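Input: a single structure, listed below in structure tokens.
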Amino acid sequence: MTTEEHVVLVDPAGHALGTAPKTSVHGRETPLHLAFSSYVFDREGRVLLTKRADHKITWPSVWTNSCCGHPLPGEPVDHAVLRRLSYELGLTAKRADLMLPAFSYRAEMANGIVEHELCPVYRVTVDQALAPNPDEVAETRWMPWKEFAEGAQNGLLAISPWCREQVPLLAELGSDPLTWQPASPDDLPPAARP
């Protein structure tokens, strides 16, 4: 018997309020909950973009950052990043570096479905082949970071709303993503701290 996956509900200050089934938190009245976004880079500084699977509830068939997801209750967020990278892309990474500890957003699709997430952002560097899971990822593409960041910030790329908001913040960290200085885990919202 499979146990239904739960997510951590949070208040605007990032304190945990409890949990809810993942299947119940993406609708017209989506409560604020803990999530993450990750940007995978290769040794040349290219970023991995993924196109979300066609059957996704939120933003199906839309290009976005490498991998997104939700930590399980009690799971360190960086562990959740590595777990989802393995599941969605077949990648085994040693660590996930925290870049934007307190990123949060709310976005609404044309059909009224809402994403509302407190969503720390991580960088992961890999040197291996992908094995995308078709249940999660429709397509992948490696792109030079500078080209991607400029295209995203100038509205030249059709990407997810959270990715569109994250890229300018990441670009402020410097032109070379491989040299960005990680943030302190102490800067994570309380519900996400180790």
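The values are calculated or read from the model by the stated rules, or taken from the named source; none is laboratory data. Since we're looking at a predicted model, the values are computed, not measured. A quick note on method: Cβ atoms are made from the backbone with ideal geometry, for glycine too, and the neighbour counts reach across all protein chains shown. The area values use the complete protein model at the heavy-atom level, side chains included, leaving out ligands, DNA and RNA. Shrake-Rupley method; radii C 1.70, N 1.55, O 1.52, S 1.80 Å.
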Discussion item. Can you tell me which of Arg43, Arg84, Arg164 moves the most in a GNM of the chain? Springs connect C-alpha atoms under 10 Å apart.
Written reply: Arg43
Worksheet item: Restricting attention to the range 19-92, which GluC sites (Glu not before Pro) occupy a DSSP loop and are surrounded by at most 11 other Cβ atoms within 10 Å?
Response: Glu29, Glu44
Fill in: Label point distance in nm, Arg83-Thr140, each placed 7 Å from Cα along Cα→Cβ
2.1 nm
Worksheet item: With each run of n ≥ 4 DSSP H residues scored as -39500 (n - 2.57), what mean residue ellipticity at 222 nm is computed for the chain after dividing by its residue count and rounding to the nearest 500 deg cm²/dmol?
Response: -5000 deg cm²/dmol
Worksheet item: Protein chains only, probe 1.4 Å: how do His55, His6 rank by accessible area, largest first?
Response: His55, His6
Response to the item:
Measure of exposure for Trp142: accessible area at 1.4 Å probe, Å² rounded to 10, is 70 Å²
Item to complete: For the chain, with a Gaussian network of springs between Cα atoms less than 10 Å apart, report the residue from Ala13, Ala107, Ala53 with the top mean-square fluctuation.
Response: Ala13
Item to complete: Using the Cα centre as the reference, give the magnitude of the dipole from point charges on the C-beta atoms of the chain (Lys, Arg: +1; Asp, Glu: -1; all else neutral), rounded to the nearest 20 debye.
Response: 160 debye
Worksheet item: If one puts a single equal scatterer on every Cα of the range 30-144 and applies the Debye formula without solvent, what log₁₀ I(q)/I(0) results at q = 0.22 Å⁻¹?
Response: -1.36
Worksheet entry | Most mobile listed residue (Pro73, Pro144, Pro31) in the chain, GNM with C-alpha springs under 10 Å | Pro144
Practice prompt. Can you send over the solvent-accessible area of Lys146, 1.4 Å probe, protein chains only, in Å² to the nearest 10?
Written response: 130 Å²
Worksheet item: What is the P(r) of the chain, as percent of Cα-Cα pairs per 5 Å bin from 0?
Response: 1, 8, 17, 21, 22, 18, 10, 3, 0, 0
Worksheet entry | Partner lysines for Lys22 [C-alpha distance under 24 Å; skip if fewer than 8 residues away on the same chain] | Lys51, Lys56
Discussion item. Solvent-accessible area of Tyr87, probe 1.4 Å, all protein chains present, reported in Å² to the nearest ten, please.
Written reply: 110 Å²
Practice prompt. Indicate, rounded to the nearest 5 percent, the antiparallel portion of the DSSP beta bridges found entirely in the chain.
Written response: 75 percent
Worksheet entry | Whole-angstrom gap from the range 127-172 to the range 2-66, using each part's C-alpha centre | 15 Å
